[in-house]
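Values in this text are rule-based calculations from the coordinates and carry no lab data. Here the structure is a predicted model, which means the values were calculated and not measured. Please note: Cβ atoms are built from the backbone with ideal geometry, for glycine as well, and neighbour counts cover all protein chains shown.
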Amino acid sequence: MGNINNKQIYIESYGCAMNFADSEVVASIMAENGYETIPTEENADIVFINTCSIRDNAEQKIRTRLSQLKGNKKKNKELIVGVLGCMAERLKDQLMEEEKLVDIVVGPDAYRDLPSLVAEVDGGSKAINVLLSLEETYAEITPTRLNSNGVTGFISIMRGCDNMCSFCVVPFTRGRERSREPQTIVAEAQDLVNKGFKEVILLGQNVDSYLWYGGGPKKEFKKLSEEEKETSVNFANLLEMVANVDPSLRVRFSSSHPKDITDDVLYVIADHKNICNYIHLPAQSGNSRILDKMNRTYDREWYMGKVERIREIIPNCSISCDIISGFCTETEAEHEDTLTLMKWSNFDFSYMYYYSERPGTLAARKYADDVPEEVKKRRLAEIIKLQGEMSAAKNKAREGSIVTVLVEGRSKRSEHDLMGKCDESISVIFPREAYKKGQYVDVLIEKSTSNSMVGKPVGLNPYFEKLKKTEEVA
Ligand code: SAM
Ligand code: SF4
Ligand code: F3S
């Protein structure tokens, strides 16, 4: 650790899991420079807000939060406020002009610069770094786990996105896609295991296009030299490497892009008991014309083909989805196509939104945002209702069966109950008895709703118990 300067930081994160993972990288960089990250805002000398720009309401929420912080700054004139992440990248110095209390604006690729930016602010000026990088992956930084349950740890395996879906701001806020060196990913997984973590979630905007060939911006496999091809590591290889770190470490990943997920990835999942039978496969729409306008590069049939392939290779695989209602020019019949695709795919659950135009994106430049808000919202309500019914039916069908739950901690509702997720990523609640956080418990499902299941424990899972015993003997 560097010099101790007694300054304390409070970091508040918004948006996707990658942003939360980035905050842990920020905490680690700051710790190296003598700053301690604390869990509450009280007593903080520095407040970092790690922001999201994905939809207008995400940015509005942050604006509200910043105006709340004005009061704190009035009370403590020395307080330093930094805006990090996607909104910082999107709005750059405009943000500092609009929000007078903001002292620092830092984009997602410039976090190594944070200590010197804070020093600049200490010297009396405002500070900004929003440079995007072609190489930065924070590969060798061990994140400081924040607000962690001590069971699940995020590992970022890549950064940026080259896909340019027409509705999406991410390529502008996070820059070009680049993959992180696999050995550093494996080392991070091992470090988590050593610290007692039981589950890792590999993160990227499009994990299936992960490709390590020595670093730098993404290249297509076919464009690699013969030597690079031979030593390259793709997502299927990486997934296997992480699964082999420890057979009792549960492995998840997110998100998969339907155009890139390969049979190889599916076979790796099927072959490893510790890789969850769960895939997040965002469709966005069920209509081919809309998918084309969204620049998703697949159509309805391709998506259905992928779902079929998943079910062939990994029977009982749970699949979740992202859906956007009311994208530019979407007709009622095209919205119906989304509903029929959802029904056909029988998703376990979905993340559902109505379209929010983002400045600078291809859709904002080329297409009129012409579906009225009340129509977008009504279609979204239909999508949510259908998904709710499907999730409820799927969970109902699980009643009477035994699922293996990795215990994350006590249930929010009662200290007598524990909560964890089964392989299929559904929350399960059961009586605590003598079970503990971090254990794999087999639970007989007795009751369910659309988003959780309740059951009674029938014992520790024999497979994971046997692994533990083998380890003890060794
Ligand atoms: N990279 C992932 C993918 O391609 O599936 C996820 C990207 S984004 C962080 C998460 C979700 O937000 C997207 O899948 C999409 O459904 C939604 N989203 C992105 N831009 C949006 C917009 N302009 N309006 C509404 N929803 C949006
Ligand atoms: Fe956005 Fe598409 Fe990239 Fe996902 S794949 S982050 S939706 S541009
Ligand atoms: Fe939001 Fe940026 Fe993630 S826009 S969803 S925090 S990549």
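Let me have the 222 nm mean residue ellipticity of the chain computed from DSSP H runs of 4+ only, each contributing -39500 (n - 2.57), with the sum over all residues rounded to the nearest 500.
-11000 deg cm²/dmol
Using amide H atoms built 1.01 Å from N in the peptide plane, name the residues 5+ places from Glu408, or on other chains, whose amide H lies under 5 Å from its own.
Met419, Gly420, Lys421, Gly438
Which of the listed residues, Ile426, His416, Ser448, is farthest toward the dipole's positive end in the stretch 402-473, when Lys, Arg count +1 and Asp, Glu count -1 at the beta-carbon?
Final value for the positive-end residue is His416.
Return the distance in nm (one decimal) between the two label points of a simple spin-label model at Ala434 and Lys343, each offset 7 Å from Cα along Cα→Cβ.
Inter-label distance under the simple model: 5.1 nm.
Quick check: pseudo-label points 7 Å beyond the Cα along Cα→Cβ at Gln60 and Glu78, how many nm apart are they?
3.8
Let me check I have the definition right: for the stretch 92-220, take the eigenvalues of the Cα gyration tensor, multiply each by 5, take square roots. What are those semi-axes in whole Å, largest first?
28, 21, 14
Within the stretch 24-43, name every residue whose backbone N is under 20 Å away from a label modeled 7 Å from Cα of Thr142 along the Cβ vector.
24-38, by backbone N distance to the label point.
Between Glu415 and Asp263, 0.36 nm times their residue separation minus their Cα-Cα distance comes to what?
So the chain would gain 50.4 nm between Glu415 and Asp263.
Hey, can you grab everything whose amide H is under 5 Å from the amide H of Val371? Only 5+ residues off in sequence or another chain; H modelled, so Pro and N-termini drop out.
Here Thr329 satisfy the definition.
Rank the residues Phe48, Phe197 as a footprinting-exposure proxy: fewest other Cβ atoms within 10 Å of their Cβ go first.
So the residues, fewest neighbours to most, are Phe197, Phe48.
Shape verdict for the stretch 383-474, please, from the Cα gyration tensor: rounded (a/c under 1.5), prolate (a/b greater than b/c) or oblate.
prolate
What size of dipole, in debye to the nearest 20, comes out for the chain about its Cα centre when the only charges are +1 on Lys and Arg C-beta atoms and -1 on Asp and Glu C-beta atoms?
The dipole of the chain has a size of about 1100 debye.
Enumerate the calculated ³J(HN,Hα) couplings along the stretch 130-142 in order (Karplus 6.51 cos²θ - 1.76 cosθ + 1.60, θ = phi - 60°), each rounded to whole Hz, writing x wherever the residue is Gly or Pro.
Each residue's phi maps through the Karplus curve to give 10, 5, 8, 10, 8, 10, 4, 10, 6, 3, 8, 7, 8 Hz.
If I model a spin label as a point 7 Å beyond the Cα along the Cα-Cβ vector, how far apart are those points for Lys468 and Glu389 in nm?
So the two model labels end up 4.3 nm from each other.
Given Cβ point charges of +1 (Lys, Arg) and -1 (Asp, Glu) and nothing else, what value in debye, to the nearest 20, does the dipole of the stretch 8-129 about its Cα centre take?
520
Rounded to the nearest 0.05, what FRET efficiency do Glu135 and Thr40 give with R0 = 35 Å and r taken as the Cβ-Cβ distance? Could you check?
FRET efficiency, Glu135 to Thr40: 0.50.
For the residues Lys198, Lys77, what sequence is obtained by ranking on other C-beta atoms within 10 Å, fewest first?
Ordered by Cβ neighbours within 10 Å, fewest first: Lys77, Lys198.
Taking θ = phi - 60°, what integer Hz values does the Karplus form 6.51 cos²θ - 1.76 cosθ + 1.60 yield along the stretch 304-316, in sequence order, with x for Gly and Pro?
4, x, 5, 4, 4, 4, 4, 5, 5, 7, 10, x, 6
As an exercise, use a Förster radius of 22 Å and the Cβ-Cβ distance of Thr297 and Lys229 to find the FRET efficiency, rounded to the nearest 0.05.
Plugging the Cβ-Cβ distance into 1/(1 + (r/R0)^6) gives 0.40.
Looking at Gly388, Met87, Ala27, which one has the Cα that reaches farthest to the positive end of the dipole of the chain (charges on Cβ: Lys, Arg +1; Asp, Glu -1)?
Going by the charge dipole, the pick is Gly388.
How big is the chain in terms of Cα radius of gyration and Dmax, in angstroms?
Here Rg and the maximum Cα pair distance are 22.9, 66 Å.
Need one number: the % of Cα-Cα pairs in the stretch 8-129 sitting beyond the 19 Å mark.
When all Cα pairs of the stretch 8-129 are counted, 40 percent exceed 19 Å.
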